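What follows is a set of notes on a single structure, which appears directly below.
The values are calculated or read from the model by the stated rules, or taken from the named source; none is laboratory data. Remember, predicted model here, so these are calculated numbers, not experimental data. Cβ coordinates were reconstructed from backbone atoms using ideal geometry, including for glycine residues, and neighbour counts include every protein chain displayed. Ligands, DNA and RNA are excluded from the accessible area calculation, which covers all protein heavy atoms including side chains. Shrake-Rupley method; radii C 1.70, N 1.55, O 1.52, S 1.80 Å.
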Amino acid sequence: MRVYIRAMRLHHWLKNSLVIVPAVMGHRFGITSAYTCLLAFVSFGFCASAGYIVNDILDRSYDRQHPTKCQRPIASGKI
């Protein structure tokens, strides 16, 4: 399970926190907007992860030859 989570690159999800900025700056941050922001955060994260995984699948032969990218789960053959 850990390898699959690593392939999703969850550390890149931090930039998705920008979806909260409009609600906070517009002074519209209540329970409804918090739920909407959370849903948007998770949705953007899964979409980004899907993009990373598709890219890793398509580039796996090149990533296997790269000094650091060869450690990624798909390039290394763990997935």
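Overview of values
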| item | result |
| --- | --- |
| Nearest-ten-degree value, helix 31-58 long axis tilted from longest Cα axis of the chain | 20 degrees |
| Simple Cβ-charge dipole of the chain, Lys/Arg +1 and Asp/Glu -1, about Cα centre, in debye nearest 20 | 220 debye |
| Whole-percent carbon and sulfur share, accessible surface of the chain, 1.4 Å | 68 percent |
| Per residue accessible area of the chain, 1.4 Å probe, in Å² | 75 Å² |
| Estimated 222 nm signal from helices in the chain, with DSSP H stretches of n ≥ 4 weighted -39500 (n - 2.57), rounded to 500 | -17500 deg cm²/dmol |
| Whether the chain is rounded, prolate or oblate, judged on the alpha carbon gyration tensor where a/c under 1.5 counts as rounded | prolate |
